[in-house]
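Engineer: Quick one: this structure, given as structure tokens, is what I'll be asking you about.
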């Protein structure tokens, strides 16, 4: 396995922070991890504050932005809609070409999706179709707060119905505000699925520096990440 698709249960559930944090963690352990955000909307290509720029900065990826990000659309709507408004059609072959180049350059490539599984990317094609096209296993990210039980389980069931391998799921806290449901959501989901729970990542502001993020991911997800590396036989730095 040379890649993982970081999919979300919805938009703004913390996919970008999780992807960046995992890439930073893997690279800190001596694993040459690359990052990719094939399609994003709500920004100009290479704009400060975009997901692709954030992934490159936090992961300390040496790769060019045009390799990390294949398509960027200005309108803050579903990428497939934004593409249509700009007269562009997202081409999966072009995305796959960039992915294969990254695959040759890195031991592991983390590919971040856009929104949830059924977010449109191209005519008749959604995020889940891109996952199948790239033939990657999924790590699912859900919001830690209220509503996540339904969204997470529906997403896991849908991935299973498509025959897509799921490595596990993570819940990400997306704000500092207290949410009493966080205390119960993990147990509710675990009662209903045997898929591995990688952990709950506490809120991380995108303004935080890489070292702070590394400390947080080690604290919240460290055991699961070490288990993953060991199971995959990936050699880590001491």
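Engineer: Residue 125 to residue 77: extension gain in nm, 0.36 nm per residue of separation minus the Cα-Cα distance?
Structural biologist: Once the chain is fully extended between residue 125 and residue 77, it gains 15.7 nm.
Engineer: So what is the relative contact order of region 15-129, in percent, for Cα pairs below 8 Å that sit 6 or more residues apart?
Structural biologist: 32
Engineer: Restricting the count to DSSP beta bridges whose residues both fall in the chain, what percent are antiparallel, rounded to a multiple of 5?
Structural biologist: Expressed as a percentage, antiparallel bridges in the chain total about 5.
Engineer: Would any residue of region 11-51 have its amide N under 11 Å from a label point 7 Å out along Cα→Cβ of residue 57? List them or say none.
Structural biologist: Output list for this probe position: 47-51.
Engineer: Let me ask another. Taking the Cα centroid of region 39-103 and of region 139-189, what is the distance between the two, rounded to the nearest whole Å?
Structural biologist: Centre-to-centre (Cα) distance: 25 Å.
Engineer: Give the peptides 91-99, 12-20 in descending order of average Cβ contacts within 10 Å, highest first.
Structural biologist: So the order, starting with the most tightly packed, is 12-20, 91-99.
Engineer: Peptides 51-59, 189-197: what's the order by average Cβ count within 10 Å, highest mean first?
Structural biologist: The packing order, highest mean first, is 51-59, 189-197.
Computed from the coordinates by the stated procedures, all read-outs in this text should not be read as laboratory data. Keep in mind it's a predicted model, so treat the numbers as computed, not measured. No Cβ is skipped: glycine too gets one built from the backbone with ideal geometry, and neighbour counts run over all protein chains shown.
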